[in-house]
Amino acid sequence: MLVGQQQRLSDEIRGLVERYGRQRNALIPILQELHAAHASISDFAMQVVADELGIHPSEVYGVVTFYQFLRRESQGRFVFRLCRTISCDLAGKARVARQLENDLGIGFGQTSADGRFSLEWASCLGMCDQGPALLVNEKVYTRVTPEQVHQIIEECKATFGAHARQVAHA
Amino acid sequence: MSAEIRQDVVGDTSRAPVSQIPKLGKKATGEAAGYIGGQVSATIDGHELKVPLGTTILEAAKSMGIRIPTLCHHPDLCVAGVCRVCVVEVEGQRTLQAACAYPITAPIKVYTHTQKVRRARRHVVDLLLSEHYGECYTCVRNNNCELQSLAKEFGVDFFRFGHVTEPRFEIDSSSYSVIRDPNKCVLCRRCVRTCIDVQEVGALEASGRSIGTRISTYLDKPLGEVVCINCGQCINRCPTGALHAKDASDDVWRAIEDPTKHVVIQTAPSPRAGIGECFGLPPGVPMTFQMNTALRLAGFDKVFDTNFSADLTIIEEGTELLLRLYKALVAKEPVAFPQFTSCSPGWVKFLEHFYPEYIPNLSSAKSPQQMFGAVIKTYYAQKTGIDPKDIVTVALMPCSAKKFECNRPEMDASGFKDVDYGLTTRELAQMIKEAGIHLPDMPKSDFDDPFGTRTGSGVIFGAMGGVMEAALRTVLELVTGKKVENLFENANIVPVRGFDGVRYVELPVTEVSPTVEPLIAHLVPNWDFLKGVTLKLAVAHGTANAKKVLEDIKAGGPFSKCHFIEFMACPGGCLGGGGQPIPTSPEIRAARAKAIYDEDAASEVRKSHENPAVVELYREFLTDGPCGHVSHRLLHTHYTPRGKYID
Ligand code: SF4
Ligand code: SF4
Ligand code: SF4
Ligand code: FES
Ligand code: FES
C-alpha cells in the first residue's frame, strides 16, 4: 500500500474511533464500517485499528477471521449467500445452487473475474419456514426458485450500473 | 539511610489490559452490603465450608483438599473456562458446570466425581486426543505433560473418537527461541492469555472458528517474523508440547565431542535455583555446586559463574548511571533519564518494538551473558593462550530470549560470535540426564578460575529487584564512602525486593564521600553534586507492568522523574524465566527466590566492585576503566528501533 493511501486509511480509522470510542466493544462496529467502505479489511487497517484501540493486531485478526461477514480478501460487489442448513436443503436449495453457479459462471467460494459477484454458502438465515433462503448483500430472498435466480441477478446488474454511476459522481 | 517504598505512586498493578478491567460498580450499601463481600456456604462432596462470596468452585474445593482436574486453568492467568475438563455437578442445575469459572454467589451443593462427571471428563479428553497428533516418547513434554497426565488419570485406554495419525500442521521453527507445533495444541489459550495479559505483546491469539480454530500469529505469519520478544512465558504455561524452546543441546554435544574445541560454560544464577525441579526435588533447592561437578562430568572444559560478568555489568551500568547524573546535574547536558536496565533481552526487544523512542534511556551495557562471551574470547583467550576460534562459549540461562540475544548480529565484539549457544535450564537438565547423571547425588565442587569468586551481588540478578539492589550496593558505597552494611542491615536493600509487579522507591543521599575511588576518579571530580539528591528508583517485571511504567513516563507521571528503573521481561525476574522448569506458579517462583537470596547471604563477597576477578580484569585488561574505550568496544552495545507494524 502506498504511503498516501495508508495515511488516508489511518485518518479514516481515526475518524471511526472518534465516533465509536476506544473501548474494546468498538472493535466490531469499526470493522463493519471499514468493511462496508472497502469491501474488505486490509492487513494494514487491522494494525491501525489495534493501535487505536490499544489492543494487539493478532486480536483484530482473530475477530476478522472469526466472522464470515468480515473479510480480508476483496469480494464481489454483490455477495450471494445461499443457505445450506437443513430446512433449506429439504426445500430444494440444491437446484437453486446449480442455477446460481450456472448463471453467475462461478462456483461456491469464488468471485467472478469482473469483480461483480461472489457466491458462498451460508448457515441458517432464520428463514427456515420460507426456504430456500438467499442473502444478496443485505437483502433476503425467500422461497427462491431456480427460475427467479436469473431475475435476481438482473436486478443486481441494474443497481450495479446505478451504483457505479454514484461512485463515479462521488 | 533509609529507602521508602511509595505504594501510592505505583497505583493499580493488576495485569489485565486496561480494556479488560471490569467496570466495578459502586460499593454496596444498604441491604446489599450484607451479602456483597460476605460469606456463603458451599457443600462439596458432602463437606461444608463457608467461603467468601465469588469464590470459584475450584478454589473452594482446593481449600478443602478436594482435587478437581483442570487444563485451561492456570494460577497466573485469568479464567478462560474453555476446556471443560473441570466440570462438576451442581445441585439444581441441569447441565454440568466448569468449576474454574463458576463463582459461588449463593449456598451451593457440588459433586465432583459422580458417574456423569467422570464420563463427561473422560469424553472431553477423548475428544482432545482425537485431534491430537503426537507420540509421547518423541515429545519434549513426555512425563511432564498435562494432557498425558489427564489421559492417565481418567484411565484412557483406547481412542474412543479416533486419533490423528499424520501431522496436519507445519511446525513453525522460524524463531530463534520458540518453536510452535500446532499438532499438539489443545486450544486451551493459556499462551494467548500469557502473551496478552502478562506480557502485553499479543503475538498469539485464536483465529478462525469452530473446527477451524487455531492459535495463530498476526496473519498466520511465522513467529520469527511477527512481534514476539522471545520471553518463552508461553512455553512455561503451555500444558502440552505445542510450544517449546529451540534446543541447542545437539550442537553443544557436538562441540564437546570435538577434541579441537575448548568448550566453556557460564551458568546464570536462576537455573541453579530451579534445575533441581527437573530431578524431582521441590522448588527452591539450590544445585549450584552439584551442577559444577555434573557439567565437568558431562564434558565441559571450564565451568564459569555468570556472576562474574553480572558484577562487571553492575560496574559498567552503575558508572553509566553516575555519569548520566553528573552530566545532568553538573554539566547540565541533555541526557536521557530514567536510565533503564538492559540485561533482560526480552525486555530490550519489547522496548525496541513498542517504545523505540526510549532507546536512549536503555543502558548501553551488554547483558552479563554477552559480556562474559566477549571477555572469554578476548581476555581469557589471551590469558590461557587458546585461539579464540577454538573456544566455544555456552551460556546456561533461565531464558529463551537469550538464544535470540546471542544471535544478534552486533554481538561479535571479540571478532567471533561472542556466545555460541544459549541453553535453557530444561535443556541442560536433559543433557545431564543423557550423561547418566542424577544431579542431586553429585558431590559439590567450585567454579573454575580465573572467574571463580562468588559474589552475592551477581546471584541476586536472578530475582526481581536484584539488579537494582546490586547496583545500589556498589553505587552507594562509591558515593558515600560507607560500607553498605552500615547503611542497610546485612547489606540487604529489602525495599527493592518483592513480587509486586511494579515497585517505586525513594532513597535520599544524605552524605557523600570526600574522595572518589581511583577506578572512576577520571570520570567525576567529586560527589558533591549528589548530596541531598533523592534517588528515585523503580522495578518492574513482566512486560505488561513495563508497559504501565512506560505509559506513565510518556504521560509525564511520577516514573518519568525516576533516575533508574530495572525492567525484567519475566514475572518474578529471571527465576521465572521462559527457560526454567515447567510448571511455574507464584509459589514456585517464591521458593526459587528464597534459594537465590540464601546464596547471596552465604557469599563472602556481596558487592560487585569487591569481586577480585573483576578488579583484576580492570587492572590487566580494561585499563581505561569502566565506560572507557576498551570496555565500550567489548562490553557495550547499541539497539535497533524495530517498531510494531508488520508488512
Ligand atoms: S503433548 Fe503430551 S500427550 Fe502430546 S505427544 Fe507430547 S507428551 Fe504426549
Ligand atoms: S515468547 Fe513471549 S512474546 Fe513470544 S509468543 Fe511467547 S509469550 Fe509471546
Ligand atoms: S499452544 Fe499450548 S498453551 Fe497455547 S493453546 Fe495450544 S496447548 Fe494451549
Ligand atoms: S435452514 Fe435455511 S434459513 Fe434456516
Ligand atoms: S479448567 Fe475449567 S474449563 Fe478448563
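The values are calculated or read from the model by the stated rules, or taken from the named source; none is laboratory data. Small disclaimer: the values here were computed from a predicted structure and weren't measured. In this analysis, Cβ positions are derived from the backbone assuming ideal geometry, glycine residues included, and neighbour counts consider all displayed protein chains.
Brief remarks on what is shown
- Selection count where residues are closer than 27 Å to residue B:407 by Cα and either charged (D, E, K, R) or more than 16 Å from ligand 3 (Cβ to nearest atom) (or both), scope the range B:137-177: 4
- Screening the range A:34-151 for helices (runs of 4 or more DSSP H) wholly inside it with 1 or more residues that are within 16 Å of ligand 2 (Cβ to nearest atom) returns the ranges A:43-53, A:57-66.
- Checked against the criterion of being within 14 Å of another protein chain (Cβ to nearest Cβ), buried (at least 16 other Cβ atoms within 10 Å of the Cβ) and either without any contact (Cβ under 8 Å) to a residue 24 or more places away in the chain or farther than 20 Å from residue B:338 by Cα (or both), the candidates B:644, B:548 yield just one match: B:644.
- Search result, residues across the range A:1-52 that are among the β-branched types (Val, Ile, Thr) and either modelled with pLDDT of 95 or more or within 19 Å of the chain's Cα centre (by Cα) (or both): A:13, A:17, A:28, A:30, A:41, A:48, A:49
Each row is one residue, and each column tells you yes or no for (1) touching a helix residue (DSSP H, G or I) at 6+ places or on another chain (Cβ under 7 Å); (2) away from ligand 3 (no atom under 16 Å from the Cβ).
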| residue | (1), (2) |
| --- | --- |
| B:236 | no, no |
| B:242 | yes, no |
| B:260 | yes, yes |
| B:264 | yes, yes |
| B:273 | yes, yes |
| B:285 | yes, yes |
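- Looking only at the range B:193-214, and only at residues there that are of a type in the set (A, V, I, L, M, F, W, C) and surrounded by 24 or more Cβ atoms within 10 Å (Cβ to Cβ), the one that is farthest from the other protein chains (Cβ to nearest Cβ): B:198
- Of all residues in the range B:49-92 being among the polar types (S, T, N, Q) and farther than 17 Å from residue B:193 by Cα, the one that is farthest from ligand 5 (Cβ to nearest atom): B:63
- From the list A:87, A:123, the lone residue that is within 11 Å of ligand 4 (Cβ to nearest atom) and at pLDDT 95 or above is A:87.
- Test: residue in the range B:72-87 that is over 25 Å from residue B:205 (Cβ atoms) and not assigned by TED's automatic domain parsing to the domain that holds residue B:195: yes
- Matching entry among B:396, B:362 (being under 20 Å from the mean Cα position of the chain (by Cα) and surrounded by fewer than 24 Cβ atoms within 10 Å (Cβ to Cβ)): B:362
- Any hit, the range B:119-135, residues being assigned to a loop (DSSP other than H, G, I, E, B), within 14 Å of ligand 5 (Cβ to nearest atom) and more than 20 Å from residue B:191 (Cβ to Cβ): no
- Flag if residue B:180 is within 14 Å of chain A (Cβ to nearest Cβ), in contact (Cβ under 8 Å) with a residue 40 or more places away in the chain, out of contact with any strand residue (DSSP E or B) (no Cβ under 7 Å at 6 or more places or on another chain) and within 11 Å of ligand 3 (Cβ to nearest atom): no
- Cβ-Cβ distances below 8 Å connect the following pairs, each with a first residue in the range B:577-588 that is closer than 16 Å to residue B:190 by Cβ, a second residue that is surrounded by fewer than 20 Cβ atoms within 10 Å (Cβ to Cβ), and a separation of six or more residues or different chains: B:582/B:144; B:585/B:75; B:586/B:75; B:586/B:499.
- Qualifying residue in the range B:87-94 (condition: of a type in the set (Asp, Glu) and outside any loop (DSSP other than H, G, I, E, B)): yes
- Residue in the range A:34-52 that is within 16 Å of ligand 4 (Cβ to nearest atom) and within 30 Å of residue B:200 (Cα to Cα) present: no
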